[in-house]
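The values are calculated or read from the model by the stated rules, or taken from the named source; none is laboratory data. If you're wondering where the values come from, they're calculated on a predicted model, not measured in any experiment. Positions of Cβ are generated from backbone atoms using ideal geometry, with glycine treated the same way; all protein chains shown enter the neighbour counts.
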Amino acid sequence: MSQWSPSRAYVDLAQDGAGVEAVNPQLEHLTTAVVGGLVGYSTQQVRDLERLGVIPVADRAANGYRRYAQGHVIALRAYRALAAAIGPVPARQIMPVLIEGPTDVAAGRIDDLHVVIALGRARIREALRGIDAVLTDASDVFEEQDAMSIGELAQALDVRPSALRHWEHEGLVDPGRRNGSRSRRYDARAVTEARIVAALRDGGYPIPVISRVLERLRAHGLAAEVRTLLNERLSDLTRRSVALLEASAELHALLSRQGE
């Protein structure tokens, strides 16, 4: 793979006209203000994103002024679309890979974003089903062979065992012990509570909020608040999924010039 070149991307884009918004093709370089105006960022935001590695470092003129190319505009548009889908911080972390990495690696990282959203959605749906099962079958005798170890549950939730221990310490999850040993065993209720915690923590809900709704669920069987929070999280994942699809055109424009 040849090195990604903002200047080359600008020349090609000016020739084929794709994505150009009132940019004079005779201009050899773009100023910070012009780039910001095309993307909707201030000049300071453009400089900050360059410093953070979201876009390639701009060339410098003899007088020290930055000289951007249309390739920088493409990268900024890709970042803006990606940030709308997954958030600014994750987008900043992935952009250097999309700009500098091999195309197959960059495409794989984008695929991973879709997978994370899909897994999050599946986790929430399992938690919602678990609430129904726990409330409906509260009087049923739980079979010990159906219990999960901390390692099994951590793998099922894609979290570290230390996270489950922390949730236990905070009173969010209450595993049992087998035959008086220290080995944790998670029954149906504990598994459901862990799924609820994992789903809400992914959504940024703080531990006190999660603790409050779980206490109401345990004491009074009040599942409405838990369902509301989980459904809000589900709606947010749907919004992110749609936004990621909307970002595909900008991401394609970025990746399609990596091999040039």
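Couple of notes before you dig in:
- Residue tally, condition within 30 Å of residue 172 (Cα to Cα) and touching a helix residue (DSSP H, G or I) at 6+ places or on another chain (Cβ under 7 Å), over the stretch 218-256: 13
- Qualifying residue in the stretch 204-219 (condition: under 18 Å from the mean Cα position of the chain (by Cα), surrounded by 13 or more Cβ atoms within 10 Å (Cβ to Cβ) and farther than 30 Å from residue 106 by Cβ): yes
- The combined condition, being touching a helix residue (DSSP H, G or I) at 6+ places or on another chain (Cβ under 6 Å), in a helix (DSSP H, G or I) and hydrophobic (A, V, I, L, M, F, W, C), is not fulfilled by residue 49.
- Tally of residues being buried (at least 19 other Cβ atoms within 10 Å of the Cβ) and without any contact (Cβ under 8 Å) to a residue 60 or more places away in the chain across the stretch 230-245: 0
- Checking each residue in the stretch 191-223 for being in contact (Cβ under 8 Å) with a residue 40 or more places away in the chain and closer than 15 Å to residue 131 by Cβ picks out 191, 192, 194, 195, 196, 198, 199, 214, 217, 221, 223.
- Options 147, 106, 163, 85; residue that is surrounded by 16 or more Cβ atoms within 10 Å (Cβ to Cβ), at pLDDT below 90 and not charged (D, E, K, R): 147
- Within this structure, residue 85 passes the test of being part of a helix (DSSP H, G or I) and not polar (S, T, N, Q).
- Filter pass, residue 187 being in contact (Cβ under 8 Å) with a residue 60 or more places away in the chain and farther than 11 Å from residue 172 by Cα: no
- Checking the stretch 246-259 against the condition returns no match, with no residue being in the same structural domain as residue 155 (by TED's automatic domain parsing) and crowded, with 20+ Cβ neighbours inside 10 Å.
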